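Just so you know, all these numbers are worked out from the coordinates, no wet-lab data involved. Since the structure is predicted, the reported quantities are computational estimates derived from the model, not experimental observations. Virtual Cβ from ideal backbone geometry, glycine too; neighbours counted across all protein chains shown.
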Amino acid sequence: DKGDFEHFMLKEIYEQPKTIEETFRGRLKPEYSEIVLGGLLNVFPRIMEAERIVIVGCGTSWHAALIGEYMLEEYARVPVEVEYASEFRYRKPVLTEKDAVIFISQSGETADTMAALHLAKEKGALVLGICNVVGSSLSRETDAGVYTHAGVEIGVASTKAFTAQVTVLTMFALKLAKAKGNIGEEEYQELVKELSQIPEKGKQVLENNEAIKQVAEKYKDAVNALYLGRGYLFPVALEGALKLKEISYIHAEGYAAGEMKHGPIALVDDNLPVVVVAPHDAYYEKIVSNIQEVKARKGNVIAIVTEGDKGLKEMANDVIEIPKSHPALAPLLAVLPLQLLAYHIALLRGCNVDQPRNLAKSVTVE
Ligand code: M6R
């Protein structure tokens with residue numbers, strides 16, 4: 001049931017403050033300074049001993065995995081590798097019992113992800129799942145796991161499942177970081193508190209819907225689009241580009257902003273919209289100079305900025321604000337305007353946003 005919404009995708013975008021909260025409810029306990037992931041209890045000692053964590057997924061789930069990699073390496077200080085399931089399953093990866101492999105899948109039925117799971121199991125690795133569909137193949141065949149509590153996702157373009165996956169990965173990274181003694185108590189507390197505030201801040205982002213719609217009007221006829229971000233926001237750039245291409249059929253590419261000079265800058269001209277995820281964080285100065293480079297070549301910059309940012313308001317063609325947050329949690333806020341932008345552009349182009357051509361919600365054949 002779409003309720004008051006015109007499409008499932010829009011409904012699911014708007015559900016995110018609630019679904020993020022559902023995903024951490026009962027697990028995130030700021031007052032006890034503890035994160036409870038019941039599904040991992042029995043295997044936690046093995047996770048602690050793992051020499052490496054590998055995270056495997058496809059599409060949007062793979063983007064969530066990249067954010068998980070950054071968090072796990074920064075805070076838990078465990079080496080992490082992220083793999084496309086379709087590559088992993090065929091490329092003879094080195095795997096041992098000392099590896100913990102996390103499989104991320106909304107549906108829990110993706111053929112490549114399941115095949116990768118079977119391979120990892122065969123090699124004796126600890127296999128864990130982050131999955132949305134209760135009782136799915138993935139949830140049955142992993143050694144242990146954590147459910148995302150996003151609720152049923154109907155739109156083919158994944159939205160609320162993504163933010164729920166990132167929420168689980170955040171809790172997992174913080175729990176492991178604390179257990180390993182690799183994060184200071186103060187920073188841990190701050191992150192736990194900030195995560196608990198994300199739903200409120202997410203609501204504020206969604207209030208910009210009208211402004212985002214106006215930006216969509218301006219760029220709806222674009223043929224190509226570029227999305228840039230750094231650090232935790234590089235995977236968000238990839239995700240923003242995927243959302244746009246899959247539902248509006250505009251060719252879009254996501255790039256780590258620092259890679260611009262190594263190729264994509266050649267694309268920039270006065271027809272190219274460049275979406276830059278540029279909140280106030282340690283990379284701010286760097287990303288501002290990337291924006292200047294795009295502007296110098298007459299590209300149109302749509303910047304996602306931290307509330308109150310004045311500099312970029314003058315520099316960029318369009319600005320969409322998100323509330324201030326901890327840099328590691330910014331993906332949960334920054335992805336929302338990108339989902340809405342893709343939605344409105346697709347709608348203005350007359351596309352079927354819930355059921356884009358050539359795509360299936362669950363890719364059960366390779
Ligand atoms: O169900 P899964 O999370 O395993 O699905 C993975 C991808 O097929 C999925 O994320 C796909 O890329 C979405 N259409 C993205 O919006």
Which lysines have a Cα lying under 16 Å from the Cα of residue 123, excluding residues fewer than 8 positions away in the same chain?
-> 92, 98
Return the sequence-ordered ³J(HN,Hα) values of the range 67-78 in whole Hz as given by the Karplus equation 6.51 cos²θ - 1.76 cosθ + 1.60 applied to θ = phi - 60°, using x for Gly and Pro.
-> 5, x, 4, 4, 5, 4, 6, 5, 9, 8, 6, 10
Does anyone have the angle between helix 234-248 and the longest principal axis of the chain? Alpha-carbon axes, 0 to 90°, nearest 10?
-> 70
Residues whose built amide H sits under 5 Å from the amide H of residue 55, excluding neighbours closer than 5 in sequence, are 81, 82, 83, 102
If we sort 231-239, 264-272 on the protection proxy, mean other Cβ atoms within 10 Å, highest first, what's the order?
-> 231-239, 264-272
In degrees, nearest 10, range 0 to 90: what is the angle between the Cα axis of helix 185-206 and the longest Cα principal axis of the chain?
-> 50
Can you tell me how much longer the chain between residue 203 and residue 352 gets when fully stretched, taken as 0.36 nm per residue apart minus their C-alpha distance, in nm with one decimal?
-> 51.1 nm
Using only Cα atoms, find the angle between the long axis of helix 284-296 and the longest principal axis of the chain, and express it within 0 to 90 degrees, rounded to the nearest 10.
-> 40
Give the long-range amide H neighbours of residue 322: residues separated by 5 or more places, or on another chain, with amide H under 5 Å away, using H modelled in the peptide plane at 1.01 Å from N.
-> 305, 306, 307
Total Lys pairs in the range 144-212 closer than 28 Å by alpha-carbon, pairs eight or more apart in sequence or interchain only?
-> 13
